[in-house]
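Novice: Encoded as structure tokens, here's the structure I'll be asking about.
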Amino acid sequence: MTHAPRFRRRLPTLFGLGCLLAALAACDGARPRTPDEVHAALLRKLPATLHDREGWARDVQAAFAALEIEPSDANLCAALAVVEQESTYRADPPVPGLGRIALAEIKRRAAARHVPAFAVDAALVLRAPDGRSWAQRLQALRTERELSALFEEMIARLPLGSGRLLAGLNPVRTGGPMQVSVAFAERHARGYPYTVQGSIRHEVFTRRGGLYFGIRHLLDYPADYDRPLYRFADFNAGRYASRNAAFQQAVAIATGTRLVRDGDLLAPGAPMNRPGTTEAALRGIDVRLAMDAAAIRADLAKGHGADFASTALYRSVYAIADAAGSGKPVPRARVPDIALSSPKITRPLTTAWFAGRVDARWKACLAR
């Protein structure tokens with residue numbers, strides 16, 4: 001069962017205060033939408049030819065209510081735009097060539113764990129209960145839900161050694177109508193408004209679960225962006241990636257260093273004596289920042305949260321960069337420069353491409 005709708009009076013998550021004031025000025029009053037009004041708005045925004053429009057509207061509305069996110073047209077259309085881009089409104093979208101992709105990914109993961117390829121092959125040629133080999137069953141799969149379920153069955157049914165061999169090699173990392181990360185869903189399972197059927201992983205592949213966790217990932221965090229484009233980029237690249245990419249641009253201006261604006265402020269696992277490029281550039285102006293290496297790293301470590309924008313490092317870098325500019329403040333958000341990499345991607349794509357496509361769908365949704 002879903003929670004009863006509880007719409008908090010809080011800022012719409014897509015926009016800052018200026019947009020809020022403009023929206024209020026254009027409205028006849030500031031009362032929140034009733035549940036019936038939200039449902040009607042969703043039916044206007046959902047594609048007219050969509051199968052089970054009522055069900056889609058119900059599950060989107062339930063997610064907004066459970067997360068207490070303002071169900072404005074802008075926010076509703078943001079969620080629907082991501083759904084349309086990621087799955088064209090299919091709870092478990094088919095993936096062309098999934099079997100081939102899955103086998104290659106399993107072997108890649110096995111190699112990373114120093115598991116010999118012949119050991120994986122030996123496990124996959126064993127017979128499944130239906131008479132086919134596990135490899136043949138993998139080749140016949142069409143969706144990620146089917147793949148994830150089959151992998152769990154393989155671990156449970158294969159002989160003890162082979163089952164343990166495959167544990168942890170499940171190649172499915174995203175799923176559902178918004179292609180949300182399974183790991184994200186598992187980390188944010190608290191507050192999930194439905195009775196879990198099997199596991200959170202299983203819930204991701206349902207319409208209700210995929211929408212709930214996808215909307216949570218997209219909208220349920222504070223970000224003072226003036227355009228939804230940056231939140232769409234964050235959905236693809238990670239929360240606050242757009243803010244962090246803009247910060248890297250400010251660091252490049254402040255230090256005169258060429259940097260990749262990818263939103264990654266700290267090199268994963270880098271020891272203090274081998275900092276990443278962004279951190280190294282900042283250490284080069286430590287006197288101007290009035291911060292030592294430890295203080296710089298401590299502030300950069302906050303880059304995955306909202307608090308980073310209030311750190312001494314953030315304020316100091318922008319003060320230097322703004323002063324070095326042409327009289328205009330350096331942007332506080334930009335789309336990260338990231339080339340997308342996934343076994344499912346068969347052509348060159350970037351985070352900018354993804355964010356632009358979703359932004360265009362968002363505008364089309366608002367116009368409906």
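The values are calculated or read from the model by the stated rules, or taken from the named source; none is laboratory data. None of these values were measured; they are calculated from a predicted model. Here the Cβ is made from the backbone with ideal geometry for all residues, glycine too, and neighbour counts use every protein chain on show.
Novice: If A290 meets every condition in (1) surrounded by fewer than 19 Cβ atoms within 10 Å (Cβ to Cβ); (2) modelled with pLDDT of 95 or more; (3) at negative phi apart from one, which number is that one?
Specialist: Going through the list (1) surrounded by fewer than 19 Cβ atoms within 10 Å (Cβ to Cβ); (2) modelled with pLDDT of 95 or more; (3) at negative phi, A290 breaks only (3).
Novice: Right, another one. Does segment 85-105 hold any residues that are assigned to a helix (DSSP H, G or I), within 18 Å of the chain's Cα centre (by Cα) and buried (at least 21 other Cβ atoms within 10 Å of the Cβ), and which are they?
Specialist: Q85, E86
Novice: Also: Just checking, how many residues over segment 65-113 are of a type in the set (A, V, I, L, M, F, W, C) and at pLDDT 95 or above?
Specialist: Qualifying residue count for the region: 13.
Novice: How many of the residues in segment 117-164 are exposed (fewer than 13 other Cβ atoms within 10 Å of the Cβ), modelled with pLDDT of 85 or more and part of a loop (DSSP other than H, G, I, E, B)?
Specialist: Total meeting the criteria: 5.
Novice: I'd like to verify a number: residues in segment 182-204 that are at pLDDT 95 or above and either farther than 26 Å from G238 by Cβ or not aliphatic (A, V, I, L, M) (or both), how many?
Specialist: Going through segment 182-204 one residue at a time, the tally reaches 11.
Novice: I've got another one for you. Take the residues of segment 247-266 that are in a loop (DSSP other than H, G, I, E, B) and under 21 Å from the mean Cα position of the chain (by Cα): which is surrounded by the fewest Cβ atoms within 10 Å (Cβ to Cβ)?
Specialist: Among them, the one singled out is V260.
Novice: Does N244 satisfy the condition of being closer than 16 Å to L300 by Cα, polar (S, T, N, Q), under 17 Å from the mean Cα position of the chain (by Cα) and modelled with pLDDT of 95 or more?
Specialist: Yes; evaluated as a whole, the condition is true for this residue.
Novice: May I pose another question? Could you check, for segment 167-177, whether at least one of its residues is at pLDDT 90 or above, in contact with a Gly (Cβ under 6 Å, 6 or more places away or on another chain) and crowded, with 21+ Cβ neighbours inside 10 Å?
Specialist: Checking segment 167-177: at least one residue is at pLDDT 90 or above, in contact with a Gly (Cβ under 6 Å, 6 or more places away or on another chain) and crowded, with 21+ Cβ neighbours inside 10 Å.
Novice: Among the candidates H114, H217, which residue alone is of a type outside the set (V, I, T), free of Cβ contacts under 8 Å to residues at least 40 places away in the same chain and surrounded by fewer than 18 Cβ atoms within 10 Å (Cβ to Cβ)? So that I can check it myself, show each step before the final result.
Specialist: On the way: H217 fails: surrounded by fewer than 18 Cβ atoms within 10 Å (Cβ to Cβ).
Checking each option against the conditions leaves just H114.
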